[in-house]
Amino acid sequence: MSLALVQSLEIRLRPVQAGQIAGWLRRGWQDFCACPLAGLLHGAAMAAFGLALLALAGNRFWLLAGAFSGFLLVAPLAATGLYAISRARARGQPTGLAVALRMWIPNKPVLIGFGLLLALAGTGWVLTSAALITAFAPGPVNSPRDFLQLVVLAREGHLFELWMALGALLAAPVYASSVVSIPLLLDRRVGLWSAVLTSWRVVLAAPGVLGLWAALLVLLSLLAMLPLLLGLLVLAPWLAHASWHAYTELVDASALAERR
């Protein structure tokens, strides 16, 4: 871990203000418009996965609620190909679907390892959420209406508050560990734990801005899910590209060798 810290400290943190978030979103939209096919395919894959969750757990909302929130934890890793497009575009290099697809060739064990960690965290939350709701809800939770009546609006037990608190307790460290680590692992030759430590340094250096960015990501993602997940077609790639620009403005990793 000491070696990871030494490598992390080679990465300089940039000062950041809340007003920069609008720039991240603007440049993310420009990247999406410049290479829409890869973005739309990414959004379609995200929407298809969400619809698969609905089909598998549609009548077991106690499971679906945790599955969708766990889905948000793992989603940043799926954006790796779009980060590559944003990086190539910033460097004046050719962009296109092939650039994104090359990121999925299984020759980057560090990204695979981080993906497994995120999948483990997401699975842990799904199981915890399901166990909490089934154990403490005053009745079966099989539909959104049941969840609203028996969990969100329950008069006793504070189940919804407990569910939200546990979700935040898990999501906060996962977010802090991944907010810049995934694009950093793609961009530079850096160890997994060095990238995670750098991500934590970023969050601790500007908790207000990174907290606002997290809230915006969650809010926009939830809104995109409302029209049968169709909003994810555009919003998922847009936020992925914007997250790359957040990374480039939050850290200066030029001291480390580039990853090809």
Estimated inter-spin distance, Leu216 and Leu166, nm [label 7 Å along Cα→Cβ]
3.2
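What FRET efficiency do you get for Ala48 and Leu116 if R0 is 30 Å and r is their Cβ-Cβ distance, rounded to the nearest 0.05? Show your work: numbers first, answer last.
Values: r = 22 Å, r/R0 = 0.73.
Result of the calculation: an efficiency of 0.85.
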Among [x] 17.4, 56; [y] 22.3, 76; [z] 18.9, 59, only one was calculated for this model; which label is it, if the read-out is Rg and Dmax of the Cα atoms in Å?
[z]
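With r as the distance between the Cβ atoms of Leu230 and Arg26 and R0 = 22 Å, compute the FRET efficiency 1/(1 + (r/R0)^6) and round to 0.05. Before the final figure, lay out the partial values.
Details: r = 23 Å, r/R0 = 1.05.
Calculated transfer efficiency: 0.45.
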Say we join alpha carbon atoms closer than 10 Å with springs in a Gaussian network model of the chain; which of Leu170, Leu25, Leu56 then has the biggest fluctuation?
Leu56
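Can you give the accessible area per residue of the chain, in Å², using a 1.4 Å probe?
Numbers: 12740 Å² over 260 residues.
I get 49 Å² per residue for the chain.
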Chain lengthening between Ala205 and Ala98 when straightened (0.36 nm per residue, less Cα-Cα)
34.9 nm
Quote to one decimal, in nm, the extra length available between Thr123 and Gln149 on full extension: 0.36 nm per residue of separation minus the C-alpha distance between them.
6.8 nm
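Check every DSSP H run in the chain and write down those whose alpha carbon atoms cover 18 angstrom or more along the long axis and whose mean Kyte-Doolittle hydropathy is -1.0 or greater. Working shown, then result.
Details: long enough: 20-34 (21 Å, -0.33); 36-57 (31 Å, 1.80); 61-78 (25 Å, 1.93); 109-136 (40 Å, 1.84); 159-178 (28 Å, 1.38); 192-205 (20 Å, 1.36); 207-225 (27 Å, 2.21); 232-250 (26 Å, 0.75).
Those that pass (Cα extent of 18 Å or more, hydropathy at least -1.0) are 20-34, 36-57, 61-78, 109-136, 159-178, 192-205, 207-225, 232-250.
Rounded to the nearest 0.05, what FRET efficiency is calculated for His158 and Ala257 with R0 set to 45 Å and r the Cβ-Cβ distance? Spell out each step's value before the answer.
Numbers: r = 51 Å, r/R0 = 1.13.
That pair, His158 with Ala257, gives E of 0.30.
The values are calculated or read from the model by the stated rules, or taken from the named source; none is laboratory data. These numbers come from a predicted model, not from an experiment. Note: ideal-geometry Cβ built from the backbone for every residue, glycine included; neighbour counts use all protein chains shown. In case anyone asks, the SASA skips ligands and DNA or RNA and just uses the protein heavy atoms, side chains included. Shrake-Rupley method; radii C 1.70, N 1.55, O 1.52, S 1.80 Å.
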